[in-house]
Amino acid sequence: MQLLVLGATGGTGKQTVEQALERGHYVTAFVRNPTKLSIQHPNLTVLTGDVLKPETLVAAVRRQDAVICSLGSKPGQKDHPVADGTVNLIDAMQHVGVRRLLVVSSMGVGSSYEEMNIIGKVLMNTLLRSVMAEKEKQEQAVQQSNLDWLIVRPTNLTNGPITGQYKVGEHLPFSTFAFPHISRADVAAFMLDQLDNDTYLRKAVTITER
């Protein structure tokens with residue numbers, strides 16, 4: 001496939017790029033700072049742009065088969081790359097006719113909030129409040145689009161290896177004192193598995209290690 005990856009310099013984004021190349025895909029990494037992406041491969045194209053500047057997105061999206069969006073933000077960040085950037089991405093995809101969109105969100109967003117334990121809810125309502133608010137807006141924009149979308153909500157992310165040992169579902173309740181986690185490598189592998197799989201089409205699913 002011709003695959004566009006946004007947020008390619010982040011932890012999950014880098015894993016997605018590396019694994020996609022290993023699987024034989026042709027990957028375009030859309031980044032603001034290309035020096036942060038050290039991956040080199042004959043099937044990798046690195047495009048410099050900004051998701052907050054829609055004109056730079058159209059050229060990146062054109063002729064792609066699918067897009068994986070792994071945008072992130074930091075608490076207190078003044079601009080809104082996750083929410084506004086995703087809206088710009090959706091507009092660009094609709095403009096050029098690319099339909100397949102996979103988005104990395106977070107456990108605790110949308111309906112999964114009720115499945116969080118009290119510690120997680122406290123963190124999301126305090127330290128991570130602005131980050132989660134962006135994710136909420138991002139998910140709403142995706143769900144309201146007419147694209148062939150999938151939203152993936154990972155639990156706490158680690159830098160562990162691919163295990164293939166994870167569970168996925170729209171509703172995954174956790175115990176009061178659980179600290180669920182999953183590796184970025186497993187999240188990337190799951191998303192790549194869904195590029196030509198409609199099992200979770202137009203669903204928002206939580207993913208966590210077994």
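One line per residue, one yes/no per condition, for (1) crowded, with 22+ Cβ neighbours inside 10 Å; (2) in contact with a helix residue (DSSP H, G or I) (Cβ under 6 Å, 6 or more places away or on another chain):
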position: VAL82; (1), (2): yes, yes
position: VAL98; (1), (2): no, yes
position: MET116; (1), (2): no, no
position: LYS135; (1), (2): yes, no
position: ASN156; (1), (2): no, no
### Task
Look at the stretch 159-195 and say how many of its residues are of a type in the set (D, E, K, R), in contact (Cβ under 8 Å) with a residue 40 or more places away in the chain and closer than 25 Å to VAL27 by Cα.
1
### Message
Return the residues of the stretch 44-64 that are free of Cβ contacts under 8 Å to residues at least 40 places away in the same chain and under 21 Å from ALA188 (Cα atoms); say none if nothing qualifies.
### Response
LEU44, THR45, VAL46, LEU47
### Task
Check VAL87, VAL67 and return the single one that is of a type in the set (Val, Ile, Thr), part of a strand (DSSP E or B) and either in contact (Cβ under 8 Å) with a residue 24 or more places away in the chain or open to solvent by less than 40 Å² (accessible area, probe 1.4 Å) (or both).
VAL67
### Task
Please state which of the following conditions VAL51 fails to meet, knowing it meets all the rest: (1) surrounded by 18 or more Cβ atoms within 10 Å (Cβ to Cβ); (2) within 26 Å of PRO161 (Cβ to Cβ).
(2)
### Task
Select the strands (runs of 3 or more DSSP E) contained entirely in the stretch 110-210, then report the ones holding at least 1 residues which are within 22 Å of GLY13 (Cβ to Cβ) and charged (D, E, K, R).
148-154, 204-209
### Summary
If you go through GLY7, GLY13, GLY24, the only one that is open to solvent by less than 30 Å² (accessible area, probe 1.4 Å), on the phi > 0 side of the Ramachandran plot and of a type in the set (Gly, Ala, Ser) is GLY7
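The values are calculated or read from the model by the stated rules, or taken from the named source; none is laboratory data. Since this is a predicted model, take the numbers as computed values, not measurements. Positions of Cβ are generated from backbone atoms using ideal geometry, with glycine treated the same way; all protein chains shown enter the neighbour counts. Only protein heavy atoms, including side chains, enter the accessible area calculation; ligands, DNA and RNA are left aside. Shrake-Rupley method; radii C 1.70, N 1.55, O 1.52, S 1.80 Å.
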